[in-house]
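Throughout, read-outs are computed from the coordinates displayed, never taken from laboratory work. The model shown is predicted, which means the values in this text are computed figures rather than measured ones. When we count neighbours, we look across all protein chains shown, and the Cβ atoms used for this are built from the backbone with ideal geometry, even at glycine.
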Amino acid sequence: MSEISELFNIENCNLIKDENYYYLFRALNNGDHADKESGIITDDNGRVIRIRTDRSRYIENPQNGTPKYEEDEPISLLQVIDHIKKHHRYDTNCISLSSNANVSIMYGNGYYSEYTVIRVPKGEIGEKVINAGEYMLEEINKKIEQAISRIMVDKANITAKNQEILELVKEIDEADTREELLNIMASSYKLGDANIRRFTGKKDEIRGKKPLKIRLSEYSILSNEQNLIKNKIIAKLTILEEHHLMEPIMPNSIIDSRAIETLESAFSSRELIHYGEIGQDNLFEASKEFIHMLGLLQQTAENQPELLEKVQHMENKIIKYIIDRYTIIEQDGQYIVSNGIDEQIINI
């Protein structure tokens, strides 16, 4: 297992799980709701039984033309970025999920406050379902390592400048703080030729783009150790792209600011990508009350870890209610969960 996988593995996230499954969340968006209203994704009782990809809807409108991605195309870093980035594409095979109920609540409040819980077998993580931030870091790091390997392939004829860049990369690996990384990135500017410079010459700026300090920002969702590893990867990316030793991740881009912005979005949304359509077997509609309760429990787990065992017991109880199709109703001042057959009084 790589250092990235060890640090950013989904097991290190505060997510709801039992022995066999992880439980993830999706607030229905405009596309999902339109599918629901037209009956495309519901059964005879009007229950949501599948979630379609954006690409499925894209090809239904001939005016859209040919989609960028084929239905059976393997997942890729570029497709994940195209799906997550701010002005995202509508022809990917990706479906966004979150490991955090509060994220889905915030998203759902902007739409229809309709939610689903997706049950994911643990064996499907890394295959059918990927942890977006971890996946992006791994793939970016692979591209960096390939670029470094190309520089080193002919050691006998390596240029003095490239040798200095390799020394800077080594310094990045050995750095212990963000400030050290900023100093290393700034020093790489002095090695640049005037016709390829993308920095202004000031330590903290990239011409027409974002300050270096923002590139190496501290994501609140990550630990200090995770932020340091993430920032080391971005520092290497910045130096290699500055000296034209690595092709931009995003085609037709000069620098990879969009990719870095998308990485931050993936982590802040606690995003996981389900690749391909979500079927009926592991899809459950959930009332907004249950999602709010799960969000509060996850928040409690983060703020009061001493209560983790009790929290997990309550989380699993609520998940069972959702799977068994219970909803919450108020009756004579009491809260009752009911699935139309069985009713139980609960103390919210």
Residue-ordered couplings for the range 142-157, obtained by feeding phi - 60° into the Karplus form 6.51 cos²θ - 1.76 cosθ + 1.60 and rounding to whole Hz (Gly and Pro as x), are 4, 5, 5, 5, 5, 5, 5, 4, 5, 5, 8, 4, 10, 4, 5, 10
GluC sites (Glu not before Pro), restricted to the range 79-141: which are DSSP loop and have at most 10 other Cβ atoms within 10 Å? E127
Expected unfolding gain across R47-D342 under the 0.36 nm per residue rule, minus the alpha-carbon gap, is 104.3 nm
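Quick one: which of 286-299, 64-77, 313-326 comes out on top by average Cβ neighbours within 10 Å, and what's the full order, highest first? Let's see the in-between values first.
On the way: 286-299: 19.6, 64-77: 13.5, 313-326: 16.7.
So the peptides 286-299, 64-77, 313-326, ranked by packing, come out 286-299, 313-326, 64-77.
How far, in nm, would the chain grow between L78 and A156 when pulled straight, counting 0.36 nm per residue and subtracting the alpha carbon separation?
Values: separation 78, 0.36 × 78 = 28.08 nm, distance 3.45 nm.
Here the segment from L78 to A156 would lengthen by 24.6 nm.
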Skipping prolines and chain starts, which residues have an amide H placed within reach, meaning under 5 Å, of the one on Y22, given they are 5 or more residues away or on another chain? V120, K122
How much FRET efficiency would the formula 1/(1 + (r/R0)^6) give for N224 and K310, where r is the Cβ-Cβ distance and R0 is 30 Å, rounded to 0.05? 0.60
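Order 267-273, 239-245, 301-307 from most to least packed using the mean count of other Cβ atoms within 10 Å. Show your work: numbers first, answer last.
Details: 267-273: 23.1, 239-245: 19.4, 301-307: 11.3.
Ranked by mean Cβ neighbours within 10 Å, highest first: 267-273, 239-245, 301-307.
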For the range 92-100, in residue order, the Karplus 3J(HN,Hα) values (coefficients 6.51, -1.76, 1.60; θ = phi - 60°; whole Hz; Gly and Pro = x) are 9, 8, 9, 10, 7, 10, 10, 7, 10
Let me know the Kirkwood hydrodynamic radius for the range 1-110, please, with Cα pairs as the basis and the value in Å to one decimal. 16.2 Å
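Gain in length, E124 to S38, computed as 0.36 nm per residue apart minus the alpha-carbon separation, to one decimal in nm?
Numbers: separation 86, 0.36 × 86 = 30.96 nm, distance 3.03 nm.
Between E124 and S38, full extension yields 27.9 nm more.
Out of the trypsin sites (Lys or Arg not before Pro) in the range 101-162, which ones are loop residues according to DSSP with at most 16 other C-beta atoms within 10 Å? If you can, show how the numbers build up before the last one.
Details: sites: R119, K122, K128, K142, K143, R150, K155, K161; in loops: K128.
Those that pass, being in a loop and sparsely packed, are K128.
Mean projection of the alpha-carbon convex hull of the chain over all orientations, in nm²? Could you put the intermediate results ahead of the total?
Numbers: hull surface 85.7 nm².
Quarter of the Cα hull surface area: 21.4 nm².
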What are the ³J(HN,Hα) couplings of the range 127-137, residue after residue, when phi is run through the Karplus curve with 6.51, -1.76, 1.60 and θ = phi - 60°? Round to Hz, x for glycine and proline. 10, 6, 10, 10, 7, 4, x, 4, 4, 4, 4
